[in-house]
1. Starting from the Cα coordinates of the range 31-93, work out the convex hull volume and express it per residue in Å³.
2. When a footprinting reagent is the concern and you count Cβ atoms within 10 Å, what order do L71, L80, L88 take, fewest first?
3. Which order do S76, S64 fall in if you start with the one that has the fewest other Cβ atoms within 10 Å?
4. For the pair V82 and E94, how long in nm is the line joining their label points, each one 7 Å along Cα→Cβ?
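Derivation of every value follows stated rules applied to the coordinates shown; laboratory data play no part. Quick caveat: nothing in here was measured; it's all calculated off a predicted structure. Glycine also receives a Cβ, built like all others from the backbone with ideal geometry; neighbour counts cover every protein chain displayed.
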Amino acid sequence: MRRGCVPRTHKCDKIDFMISAATYSDEMIKRHLALAERHVAEASLNIRRQRAVIRRLQQIGGDSTNAAELLDTFLSTYSLCVRSRDRLRSMVAE
């Protein structure tokens, strides 16, 4: 079992919140890490798809403003997923 409190501050939609690493079993951390890895892969796929949508809209002369805003949201989400995954990876490595 891991003990201790490691405060981590993340910013999401202008709301600050604390995530602390309380008592976690190695198995629980590994399960969360597997889920985080999946989230990173899914977020990456969303980004690739959204970039393709933007290219298609630009090719046909369509308005890609909303599509670009959605891409920005996907990029922010991806960044949060990567940070979460990396935090979990460091916990497994300890």
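1. Details: hull volume 3.4 nm³, N = 63.
Normalising the Cα hull of the range 31-93 by residue number yields 54 Å³.
2. By the 10 Å Cβ count, ascending, the order reads L80, L71, L88.
3. The order, fewest Cβ neighbours first, is S76, S64.
4. Between V82 and E94, the simple spin-label model gives 2.4 nm.
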